[in-house]
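*Asks:* Here it is: the structure, laid out below.
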Amino acid sequence: MKIKFLFNILLLSVPAIILQSCKKEIGYVIDPEKEVFNFIVTEPQRAYINASRGDQYEVTDPLPLLHLAGETYPVDKFEIRGDNTLNFRRKGFSVNMGRKIAFAGLEGQTDRKYEEFKLLAMVYDFTYIENSLAVGLFKEVGLWPVNSFFTEVRLNDNTQGLYYFIEDPFEYFIEQENASFVIRRGYDHVAKAYAVSPGSGGKLQNYLDRFERIYSLINEYTGKELFDSLSVYMDLERYFTKISVDMLLKNGDYTDEIIFYTEVKDNGELFNVFPWDLDDLFASQPHEIGNPWATGSTFGQRSYYSIDDITADVGSKLLFSIEDDLDYIIARDSFLYQEYLKSLRAVIVKISQPVIDRIFDYTNEHVEPFYENDSIIAQSKYDVNETNRDLFLSNLATKKEMIKGRREMILRELDNLQNR
């Protein structure tokens, strides 16, 4: 067994599209939620994957094979991924296939084939509903174009439990949306990971500088001048839409869980946004409280140890978090905040109570069948909290009422602000 450790996780580039003629591809499409992703590794590799803690690495020599729907697929890359989830038995996986897989029934795109994808273990989500609920809401407002679904993962026929499949967003935006550059924001707006398209002409530093310019502008301008300046670099309405959904969901950790990708608009190439790692929803308080290391430094050191500290700094605002400096200036700048409130109202109106019902019904329909398999759900004993079907149904009902109630609260607050 050979395990190749990764000391630098930044993605410097993504592979060019491999010519289909060079790869054998399956001649039919698979219904993924009715199949199992069974990775075949050596027994020492399986034991190490389950036993390792805190290490991100690739499994090589030999590379795994994937058994799926009666077919065997070669795997070009099998990476143990995640940040805190690396400390659990049930690991998350990043997979690059040797040949693409065609899946049926996903957003009507039966001709799509998939080469790179993530399998999320959801170890922090004690009933495995948060990704589905968040994805449903982000789809409703047009911010979730990638395909995703629930599935079982096995290693050498040994179940690892319930997982959430997401096609790789870096590959998707570069290959399907013709993005020139994709970046995942880290704390204090550092580049946590990034990729340039093969046809970008080697303009990596230019794109990094353009992203960094967003954070210099917020310290140079105010009001409409700031809004207009930022609009040259990013689609502010889409960013406002994203943090509006975070407000509704009480997303407790989204500073470093957002991806920006370039998109050509009428006024040039702008950064659009895509949400990521939606596993810390319904938080009791924003992440910056008690974590002074996590706040941005563009405006100096900011520390908060209670909601009162946040209110003393920016006032009582309809933003769930001001951890990142961009969100902080949206809360502080009256013009930006008013523009954000317009997007917030549009999002809350669009996500009506019938829409919320539909998203929860979808989650119930697609997750509950896995609760009928005791061996799958028994793997939750390795998560932060163990789950069962009763907890699943109870949590669904509780969170549905919570989101509906929060929606009504936000609408009331918006009306009160409008009537002042």
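*Asks:* Counting other Cβ atoms within 10 Å, keep those with at most 11, restrict to DSSP loop, and tell me which trypsin sites (Lys or Arg not before Pro) in the stretch 32-141 are left.
*Replies:* 53
*Asks:* Also, quick follow-up: Any idea how far the Cα center of the stretch 195-234 sits from the one of the stretch 274-303, in Å?
*Replies:* Here the two parts' Cα centres lie 22 Å apart.
*Asks:* Let me ask you something else. Could you list log10 I(q)/I(0) for the chain at q = 0.08, 0.10, 0.13 Å⁻¹, which the Debye formula gives when each Cα is one point scatterer?
*Replies:* For the chain, the Cα-only Debye profile gives -0.45, -0.72, -1.24.
*Asks:* Please report, in debye to the nearest 20, how large the charge dipole of the stretch 266-420 is about its Cα centre when each Lys and Arg carries +1 at its beta carbon and each Asp and Glu carries -1 there.
*Replies:* With only Lys, Arg, Asp and Glu charged at Cβ, the dipole is about 660 debye.
*Asks:* Would you kindly state the longest site-free stretch of the chain, with sites defined as chymotrypsin sites (Phe, Trp or Tyr not before Pro) in a DSSP loop (not H, G, I, E, B) surrounded by at most 14 other Cβ atoms within 10 Å?
*Replies:* Numbers: sites that count: 7, 28, 299, 305.
Longest site-free region, per DSSP loop and neighbour criteria: 29-298.
*Asks:* Between residue 42 and residue 83, what is 0.36 nm times their sequence separation minus the Cα-Cα distance? Round to one decimal in nm.
*Replies:* Contour length minus Cα-Cα distance gives 12.3 nm.
*Asks:* I need the GluC sites (Glu not before Pro) found in the stretch 328-411, filtered to DSSP loop residues with at most 12 other beta carbons within 10 Å of theirs.
*Replies:* 372
*Asks:* Still on this model: What is the calculated FRET efficiency for residue 104 to residue 266, with r their C-beta to C-beta distance and R₀ = 51 Å, to the nearest 0.05?
*Replies:* The value I calculate is 0.90.
*Asks:* Let me ask something additional. Sequence gap at least 6, Cα distance under 8 Å: using those rules, report the relative contact order of the stretch 73-217 to the nearest whole percent. Don't skip to the end; give the middle numbers.
*Replies:* On the way: 198 pairs, mean separation 21.0, N = 145.
That works out to 14 percent.
*Asks:* Using alpha carbons only, how many angstrom separate the centre of the stretch 384-420 from the centre of the stretch 63-108?
*Replies:* Computed from Cα coordinates, the inter-centre distance equals 33 Å.
*Asks:* Rounding to the nearest 10 and keeping the result within 0 to 90°, find how far the Cα-based axis of helix 236-249 lies from the longest principal axis of the chain.
*Replies:* Helix 236-249 and the main axis of the chain meet at about 80 degrees.
*Asks:* Further question on the same structure: Given a Förster radius of 22 Å and the C-beta distance between residue 193 and residue 139 as r, what FRET efficiency does 1/(1 + (r/R0)^6) yield to the nearest 0.05?
*Replies:* 0.40
*Asks:* Distance in nm between label sites at residue 297 and residue 72, each 7 Å beyond Cα in the beta-carbon direction?
*Replies:* 5.2
*Asks:* Further, regarding this structure: Which entries in 192/265; 250/342; 242/400; 100/404 show an alpha-carbon gap greater than 30 Å?
*Replies:* Exceeds cut-off: 100/404.
*Asks:* Have a look at 244, 229, 132 and tell me which one the Gaussian network model of the chain (Cα, springs below 10 Å) gives the largest fluctuation.
*Replies:* For the chain, modelled as a Gaussian network with Cα springs under 10 Å, the answer is 229.
*Asks:* Do any trypsin sites (Lys or Arg not before Pro) in the stretch 141-218 lie in a loop, going by DSSP, with at most 14 other beta-carbon atoms within 10 Å of their beta carbon, and if so which?
*Replies:* Of the trypsin sites (Lys or Arg not before Pro), the ones in loops of the stretch 141-218 whose Cβ has at most 14 other Cβ atoms within 10 Å are 203.
*Asks:* Compute the Kirkwood hydrodynamic radius of the stretch 174-349, taking the inverse of the mean of 1/r over all pairs of distinct Cα atoms, and give it in Å to one decimal.
*Replies:* After inverting the pairwise mean of 1/r, the radius is 16.6 Å.
Throughout, read-outs are computed from the coordinates displayed, never taken from laboratory work. Not measured: the values here are computed from a predicted model. Ideal geometry is used to build each Cβ from the backbone, glycine not excepted, and the neighbour counts take in all protein chains shown.
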